[in-house]
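Notes follow the structure.
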Amino acid sequence: KQWYQRRVAITAGMEADDENQEPVGEKADDEADDDINLSDADEEELNEVDKTLGAAIKGLLNLKKDKKNEKKQKALKKVKMVQFKVKILDFIEIIVKDIGFSSATMNILPRLLQLVASPSVTSVPVCNKVLGIFKNMFAMKSDKLTVNFEDSLKTDVPAIQEFISKTANRKAQQLAIKTLFMLCKVHLNASEQPTKKKRKVSKNVTPIADTIYSVFSPMLNDFFTNKNTKQDKNIFFQIIERFPIVRPNFVQDVTTFINQDITIYAKMQAIILLQRVLSFADTSVHSSQDEILGALSSLLTKILENEKPSPHHIRECLKLCLKLHAVSTKLELTVNPLNSDVRNVIESVGMSQIAGKFPDLPTLSRKVLSCYD
């Protein structure tokens with residue numbers, strides 16, 4: 001500040017007043033004049049300061065320019081990298097079209113899924129190219145579906161299963177699910193008899209169901225036991241709908257999980273999945289009536305033991321009992337009577353404290369008991 005005031009005084013041709021001349025202003029101005037002492041200012045000294053200051057400003061400008069250039073170089077490098085990836089994907093697309101849905105294709109799919117799972121603004125062309133590869137693959141005809149199911153189960157399928165459970169990107173997750181569906185469809189088609197007649201139930205159906213279900217069972221385990229899983233119930237809705245052959249396996253595993261030490265939330269997700277299975281009125285799952293009712297009894301007991309039992313949870317369990325009975329009746333199947341343990345638990349719902357606050361609960365309880373009498 002002192003230098004600036006000195007410089008202004010010299011440039012304007014100002015001269016120092018006599019010591020006796022009183023300046024206009026407050027006493028603070030007198031002190032400032034004493035500190036500045038413009039009469040002692042030296043032109044050469046100020047020029048040196050000017051040069052130093054100019055060099056500092058020039059250095060700052062150059063630094064800013066260098067940073068700007070560095071930023072441009074980084075952006076250019078990213079663009080070149082994207083272009084390089086697109087060229088590689090062009091090559092992969094040509095290979096996939098040539099070899100079809102093979103074991104080699106399955107081997108590269110987890111890497112392609114990663115490109116879709118974490119897209120950035122600059123990688124949109126890469127993402128679009130990968131989506132195009134998957135689209136072409138899903139549209140392939142049967143003569144291009146040559147993948148080896150057993151080999152894929154060993155390495156590629158576990159990688160895709162892990163990807164599904166960890167990615168939060170729904171688009172990438174859905175691509176992975178469709179890939180597993182396609183793999184299972186290929187295996188089912190390969191197991192079909194050469195004739196075009198409807199496949200009859202035979203001794204080899206159970207092993208096929210088991211192998212198909214082995215693709216999805218680790219995902220179901222993760223869904224119920226991993227609190228940080230990225231999966232949701234809609235994935236299993238699709239499995240239940242597309243693969244009727246695995247519904248009995250599915251029901252057995254879901255009822256087993258209900259009886260295990262998992263969260264109430266996970267158990268209620270299991271109830272929703274069972275409701276979905278029963279909505280298809282599939283006779284193959286009704287051999288598990290007792291297992292389903294036993295799991296419901298165990299869950300109701302746990303809910304009622306809670307200090308603040310959820311009326312919604314109780315309601316959904318009782319509704320599942322009614323749905324199981326309704327579907328069995330519709331299919332003209334034998335309805336097994338309730339065993340004493342299940343009956344006692346359902347009766348206890350009507351006598352519980354929460355039943356006094358929610359009148360529909362004892363009504364549902366009585367309805368379930370009357371259906372199975």
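The values are calculated or read from the model by the stated rules, or taken from the named source; none is laboratory data. Since the model is a prediction, treat every value here as computed from it, not as a measurement. Cβ sites come from the backbone with ideal geometry, for glycine too, and all protein chains shown count toward neighbours. These accessible areas exclude ligands, DNA and RNA; they are computed on the full protein's heavy atoms, side chains included. Shrake-Rupley method; radii C 1.70, N 1.55, O 1.52, S 1.80 Å.
Accessible area per residue was computed with a 1.4 Å probe on protein heavy atoms; Cys371 scores about 40 Å². Shown in residue order for segment 333-345 are the 3J(HN,Hα) couplings computed by the Karplus curve 6.51 cos²θ - 1.76 cosθ + 1.60 at θ = phi - 60°: 9, 5, 9, 6, x, 6, 6, 4, 5, 5, 4, 4, 5 Hz (x for Gly and Pro). Volume per residue of the convex hull around the Cα atoms, evaluated for segment 253-307, comes out as 72 Å³. Sorted largest first by accessible area at a 1.4 angstrom probe radius, with every protein chain in place, the residues Ser214, Ser123, Ser287 fall in the order Ser287, Ser214, Ser123. If R0 is 25 Å, the Cβ-Cβ spacing of Gln275 and Lys171 corresponds to a FRET efficiency of close to 0.35. Size of segment 76-197 from its Cα atoms: along the principal axes, largest to smallest, the extents are 58, 30, 22 Å. The gain in end-to-end length when the Asn47 to Ala326 segment is fully stretched comes to 90.5 nm, 0.36 nm per residue minus the alpha carbon separation. Applying 1/(1 + (r/R0)^6) with R0 = 35 Å to the Cβ-Cβ distance of Asp282 and Asp360 gives a FRET efficiency near 0.75. When Rg and Dmax are taken over the Cα atoms of segment 203-273, they come to 12.1, 39 Å.
A crude spin-label estimate for the pair Lys74 and Thr225, with each label 7 Å from Cα along the Cβ direction, gives 4.3 nm.
Gap in Å between the Cα centre of segment 239-298 and the Cα centre of segment 323-347? When both Cα centres are located, 15 Å separates them.
For Leu145, the residues 5 or more places off, or on other chains, whose built amide H falls under 5 Å of its own are Phe101. Here each label is just a point 7 Å from Cα along the line to Cβ, and for Leu131 and Glu192 those points are 3.1 nm apart. Projecting the Cα atoms of Asn47, Val82, Ala104 onto the charge dipole of segment 41-122 (Cβ charges, centred on the Cα centre) puts Ala104 farthest toward the positive pole. Taking each residue as 0.36 nm, the span from Phe84 to Lys319 lengthens on full extension beyond its C-alpha to C-alpha distance by 78.9 nm.
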